[in-house]
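The values are calculated or read from the model by the stated rules, or taken from the named source; none is laboratory data. A quick note: this is a predicted structure, and the numbers were derived from the prediction, not measured. Backbone-built Cβ (ideal geometry, glycine too); neighbour counts: all protein chains shown. Heads up: the accessible areas ignore ligands, DNA and RNA and are worked out on the full protein's heavy atoms, side chains in. Shrake-Rupley method; radii C 1.70, N 1.55, O 1.52, S 1.80 Å.
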Amino acid sequence: MGVGTIHFPQYRGSNEYETWVLPAPYAVYRGDLLKADERNVRGRFFRSERIELELSVFGAPPAKGNDARSGMPDLDFTLEVGPSLNVELYRSADRRQKLELRLPVRGVVATDLHHLDGVGWIFQPNVYFEAKDVLDGWKFGLFSSVIYTDRHYNQYFYTVDPEFATPQRPAYSIGGGYGGPQVIASLSKRFPQFWVGGFVKWDSVAHAVFTESPLVTARRNFSSGLAFAWIFQESTEKVDVANQ
């Protein structure tokens, strides 16, 4: 069990930020289908020597009280779930370094815990590089992606319906298309009785199809987070991490 803090924009393209302190549970499970580690929780449905198909899951907190959206409905918590085809492009002989191409396609739902609405799709092809045992046992990760979203997704976040238009916020509607790039760098280390990790993220919507939305008040965002977890229980049975 642990605790973490994260500093992030209320939504991509917003100039208003939130800082949250949250529980940061740290769980490692290496079953045949279900995998959980510091990276994420995922289900793996197929794996060959170089290719695997897994479940990709991502979430974003709600955005409330945003000045650019004043008078408009708040953005609910969003959950993204879908398959990801991962292709291993490179792995070092000692298995300490690897490079993967990942192709996740996720459906997006929004909820305030009373209702659940589908709000489109997101396609986020990315390249992930990982190096283990650097800087005296630390793990370094570098994630670089581009985002494509459909019309329904962009309307949920960036459309201004005529009923909410003001002289400073004209009506705006947009279709689907390119959503911009993201780059995330992370560093973590597992000690005998605790784990610590952090990340920084750069995110740009400067050339996205919705850039001209009046709800886009920052074309670039920076996010960061830090977490610490105490490891109080381990199973006696272990697996070969290199083969996971």
Just one of F232, F210 is at pLDDT 95 or above, at negative phi and not β-branched (V, I, T); which is it?
F210
Any idea which residue in region 157-183 is nearest to A24 (Cα to Cα), counting only those that are under 18 Å from the mean Cα position of the chain (by Cα) and surrounded by fewer than 19 Cβ atoms within 10 Å (Cβ to Cβ)?
V183
Which one is farthest from Y153 (Cα to Cα) among residues in region 48-106 that are small (G, A, S) and open to solvent by 40 Å² or more (accessible area, probe 1.4 Å)?
A93
Can you pull out the residues in region 72-107 that are in contact with a helix residue (DSSP H, G or I) (Cβ under 6 Å, 6 or more places away or on another chain) and at pLDDT 95 or above?
M72
So is L53 at pLDDT 80 or above and under 30 Å from E234 (Cα atoms) or not?
yes
Looking for something at pLDDT 75 or above, in a strand (DSSP E or B) and in contact with a Ser or Thr (Cβ under 8 Å, 6 or more places away or on another chain) - is there at least one such residue anywhere in region 21-40?
yes
Based on this model, can you work out whether W195 counts as open to solvent by 30 Å² or more (accessible area, probe 1.4 Å) and in contact (Cβ under 8 Å) with a residue 60 or more places away in the chain?
yes
Open to solvent by less than 50 Å² (accessible area, probe 1.4 Å) and modelled with pLDDT under 95, is that true of G137?
yes
How about region 107-226: which strands (runs of 3 or more DSSP E) wholly inside it have at least 2 residues that are charged (D, E, K, R)?
126-134, 177-190, 194-204
Go through the residues of region 143-151 one by one and say whether even a single one is without any contact (Cβ under 8 Å) to a residue 24 or more places away in the chain and of a type outside the set (K, R).
no
